[in-house]
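The next block holds one structure in the form of structure tokens; read it before the comments.
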Amino acid sequence: MLRPEDIDRLCRLARLEITPAEVPDVTAKLSSIVAMVDQLKACDTTGVTPMAHPLERAQRLRPDVVTEIDRHELYQGNAPLVERDLYLVPKVIE
Amino acid sequence: MHTRTLAQLADDLRARRVSATELTRHYLGRIERFAGKLNAFITVTADQALAQAAVADRRLADGKATPLTGIPLAHKDIFCTTGVKTSCGSRMLDNFVSPYDATIVERLANAGAVMLGKTNMDEFAMGSSNETSFYGPVRNPWDLSLVPGGSSGGSAAAVAARIAAAATATDTGGSIRQPAALSGITGLKPTYGRVSRYGMIAFASSLDQAGVLTQTAEDAALLLEAMAGFDERDSTSLDDPVPRYSQLIHEPWEKLTIGVPESFFDDGLEPENAAAVRAALAELEKLGAKLKSIELKYIHLSVPAYYVVAPAEASSNLSRFDGVRFGHRAKRAAGEDLTTFYMRNRGEGFGAEVKRRILTGTYVLSAGYFDAYYLQAQKARKLISDDFARAFRDVDFVAGPTSPSPAFGIGQKTNDPIAMYLNDVYTIGANLAGLPAISIPCGFVRNLPVGLHLVAPPLAEARLLKVAHHFQRATDWHARVPTSYA
């Protein structure tokens, strides 16, 4: 059973805001999902190798050579706020 | 024209019985008539389509055409399309115009296909009913009060209503096959790595695959031939050569054995659906297939394993949507710092189901829970994959129902995530194991379509399409069109 404090922590970790009004429903639904996936615990997986993906291959590598062209103007066409080719965000004060 | 299959239209175009321009105008007209009611499209690219059709007509006249030249199709709005809005069904990307084409979009365009527009879908491909889209639910052409299935609901509805000759789609847990079943059409998910994921907005990278929704297996073969193959821009792309699927499906029927997991036919499956699927299996027997009862010992773990792995991968993939370089950014608020800035952008940009999945993923990956959930799910995945590998030593295909029930009501399952997730119970295994799988129409229940599901070993698409094609030559379920759209 998840509690609102758990949801709060997960929201911070995921950088995702949910409103106070949404918290009870999200808590309830996430709890039911966790209860469902808890079925996995009953399975004996001793000695089983975890499977990350279906391919029996290693990561393909390529030569360490620059191949990309500078298209930042095109890509920054979708940016919410750009100045002198820099993306503007709220100040980060440490 | 619109009741002709893609293969037949390709013939018509080649024989110049119809021009690409006429055909495109015809479909654009149907989209104008029906797309609003169905809500199948997010963006219609009429001008672009007509320009592409004109180019196609020149190619056809010059004898430089491929079988797909001039064919009007739709792309699921998860594929990046240059200069065209690409929303992934989300407010987060409502303002995003893609600066590049996905590989499959590029390959189909090079083959001369015409893009009618971008289809509606569950937000970020998360859903089994096309009800989570920021742009509203898609309606099933067989009954407008029902869902078409999801997440590729728009593509499925468009093909079922014959307002596109075919459509591209994606499948992570069943998002091509389940809508195919609920909408009465053919849906193919290829082997993981067979089709490039470059330019396909990522949901769960180890599960996602691009595929097609079509009227027939023959049509799927024609599209897959053009889409499949190595792409150096996708590091999970397979370099195995692409067979001539469209030729191979016409080869004679071979002796085959179809494995049927009896555990699928339990109370979770509606009796009438079960009957339709059994009748389809009997039909395959009549065609010469041998049926064999098999056991997939760990298949009951598919849904729990998937709903750990997929949200975990999604929580990572969707972390790029932060409102900095593209996508939704909330209005400035006083005293905001970077953390609250991210939280508000993402809180506003994502819908409820997406947020739930990100939070679930964050939970199962967090310290203290990683071993019990994520690692455990990866081990369950291995067990399920091994089950299939073992089965394929004795049988050529694994068959079953695609979906536990026919199409259900819009709003019926939206408040119960688990009930919604259980729609994927038969399809998820193929994603976990990376296997090719198809759903083909096999009957009707209360005037609603039912799908037969077939899974094959890795890279066995040619055999899969062939058996589906032979079934479709012996039956006509796939040729049925909902009354208002005939």
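One table, with the values for the structure above:
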item	result
Residue among A:45, A:19, A:32 farthest towards the positive dipole end of region A:6-78, charges placed on Cβ	A:45
Mean-position separation - Cα centroids, region B:253-295 and region A:73-91, in angstrom	56
Check: region B:1-82 dipole with +1 on Lys, Arg Cβ and -1 on Asp, Glu Cβ, in debye	160
Cα→Cβ-extended label distance, 7 Å offset, between residue B:473 and residue A:73, nm	5.7
Highest-first arrangement of B:225-235, B:372-382, where packing means the average Cβ count within 10 Å	B:372-382, B:225-235
Per-residue mean of C-beta atoms belonging to partner chains within 10 Å, peptide A:79-85	3
Long-range HN-HN contacts of residue B:291 with modeled amide H, under 5 Å	B:258
Förster-model FRET efficiency, 45 Å R0, residue B:55 and residue B:320, C-beta, rounded to 0.05	0.85
Mean Cβ neighbour count within 10 Å, used as a protection proxy, ranking B:148-155, B:416-423, B:341-348 highest first	B:148-155, B:341-348, B:416-423
P(r), alpha carbons of region A:1-87 - 10 Å bins starting at zero, rounded %	11, 19, 19, 27, 21, 2
Only Lys, Arg (+1) and Asp, Glu (-1) charged, at Cβ; chain B dipole about Cα centre in debye	720
Spacing of the two label points (7 Å from each Cα toward its C-beta) at residue A:49 and residue B:338, in nm	4.0
Averaged over B:337-344, number of beta-carbon atoms from partner chains that fall within 10 Å	5
Greater than 26 Å apart at Cα, pairs in B:382/B:466; A:41/B:76; B:37/B:85	B:382/B:466; A:41/B:76
Reachable lysines, given that their alpha-carbon falls under 30 Å from the alpha-carbon of residue A:91 and they are not under 8 places away in the same chain	B:331, B:355
Sites residue A:31 and residue B:235 - FRET efficiency at Förster radius 45 Å, r taken between beta-carbons, to 0.05	0.75
Gap separating the Cα centres of region B:376-448 and region B:19-47, nearest whole Å	32
Calculated FRET value between residue A:61 and residue B:244, using beta carbons and R₀ = 35 Å, to 0.05	0.65
Antiparallel %, DSSP beta bridges [both residues in the protein assembly as shown], to 5	70
Length-normalised contact order for region B:342-486 - Cα pairs under 8 Å, 6+ apart - percent	21
Gyration tensor verdict on region B:273-374 (Cα atoms; rounded if a/c is under 1.5, prolate if a/b is larger than b/c, oblate otherwise)	prolate
Size descriptor, Kirkwood hydrodynamic radius, that averages inverse alpha-carbon separations across the protein assembly as shown, Å	24.0
Euclidean distance between Cα centres, region B:79-108 to region A:50-69, Å	24
Net dipole in debye of the protein assembly as shown [+1 Lys, Arg Cβ; -1 Asp, Glu Cβ; about Cα centre; nearest 20]	820
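None of the figures in this text is laboratory data; all of them are computed from the coordinates on show. Model, not experiment: these values are computed from the prediction. Positions of Cβ are generated from backbone atoms using ideal geometry, with glycine treated the same way; all protein chains shown enter the neighbour counts.
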